[in-house]
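Structure first, commentary second.
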Amino acid sequence: MTNEYDDRATPDNYLWDGSGAPDLEVQHLERALGRFQHNRPVPSFPQIEVSARRWSWWSEIAASGWTRRFAAALLVVFAIGSALWLARSPRIPAIAHDGWDVQVTPASQDSETGGPAGKNTRLKLGESLETDAVSKATVAVAEIGRLEVEPMTRLRLLQSGAGRKRIALDRGTIHATIWAPPGQFVVDTPSAVAIDLGCMYTLHIDDAGSGILRTTLGWVGFHSNGHDSFIPAGAACPTHVQSGPGTPYFEDASDTFRAALAHLDSAIDPSARKSALDTVLREARARDAFTLWHLLARVNSAERVAIYDRLAALVTPPPGVTREGILRLDATMLDSWWNAFDLGDISLWRHWEQSWTGREGQQK
């Protein structure tokens, strides 16, 4: 009888027995984990006999459901211990400093494989990666994630070490999947800096340096000259060379809401701003509260009053958050109100924002 798994594509066999075409990500893991390979004889352990009395005692505990709580506690202890061990263990210089693995492939099945497509290479510190109209690339972001690079994209590797990994996206589109702790992967663009908070997202930058970021999982911080935007899963945020990050919004918001928001971000004429703001407030749903929250710090005092009233009608301010405090942009109250949106604790961003700002200051 033929097993259906015998018909697997040959490249998959590399994972199981080393045969077939080498797999880029598996090779990357082999290098990263090779230093932990066991090279000593298997120890012999004395046979342990469990008495019937002890087994009966354990069965009673298992029946009581206590073992689940014990197992959960044990997992927590193991996770904390593993994190501490990883934090103290020396890093691997080859992974941290010798660049990132890159696999360049044709953009489609019909594309010719001329130029850079169809090869494996290495992106080293200070070097750039540029795809043409018929090629795309997969980049292993050290040991913390992966980038899918679309055609007609140019990026540069700025930083790769034991801590932060950083690239510059000059133009084009990347799809980032990052499984590192928050704040370890940063993307510079001509108009803003994207700081990963453990997520999946797509970032597009046009030839002029403006663009848009869309978050698929987790959330991303967009930062420029003290101007911040927080972009949760399902949301998008434009960025402009002249003004930096725009106001983020959920992509399922109405077309009318999104068009008015874009106009409000760029309008200068008072009557045009009032018309755009009236439309945004009228169209806003409870889910759009986080958009109104961002607008509070981006408008004048008269506009802020109208935004507060609509936001308070959508999401009741939590205890300790007052109208007067929000109108004067009290940071603690603003953060407390954000946490009422069930989009994640904003203190996570504040921690990494301070860390990021501190490191930036030290580099200057």
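In table form, for the structure just shown:
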quantity: Wholly within the range 147-196, strands (runs of 3 or more DSSP E) carrying at least 3 residues that are modelled with pLDDT of 95 or more and surrounded by fewer than 20 Cβ atoms within 10 Å (Cβ to Cβ); calculated: 154-160, 165-178
quantity: Among the candidates 218, 246, residue that is modelled with pLDDT under 95 and closer than 13 Å to residue 298 by Cβ; calculated: 246
quantity: In the range 253-297, the residues that are open to solvent by 10 Å² or more (accessible area, probe 1.4 Å), in a loop (DSSP other than H, G, I, E, B) and touching a helix residue (DSSP H, G or I) at 6+ places or on another chain (Cβ under 8 Å); calculated: 254, 267, 285, 297
quantity: Residue match in the range 157-169 (condition: of a type outside the set (A, V, I, L, M) and within 12 Å of the chain's Cα centre (by Cα)); calculated: no
quantity: Residue check for residue 250: in contact with a helix residue (DSSP H, G or I) (Cβ under 9 Å, 6 or more places away or on another chain), more than 24 Å from residue 145 (Cβ to Cβ), of a type in the set (Phe, Trp, Tyr) and open to solvent by less than 10 Å² (accessible area, probe 1.4 Å); calculated: yes
quantity: Check on residue 300, open to solvent by 70 Å² or more (accessible area, probe 1.4 Å) and at positive phi; calculated: no
quantity: Residue in the range 227-236 that is over 21 Å from residue 342 (Cβ atoms) and of a type in the set (D, E, K, R) present; calculated: no
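The values are calculated or read from the model by the stated rules, or taken from the named source; none is laboratory data. As the structure is a computational prediction, the values presented were derived from the model and not from experiment. Counting neighbours? That spans all protein chains shown, and the Cβs are built from the backbone with ideal geometry, glycine included. The area values use the complete protein model at the heavy-atom level, side chains included, leaving out ligands, DNA and RNA. Shrake-Rupley method; radii C 1.70, N 1.55, O 1.52, S 1.80 Å.
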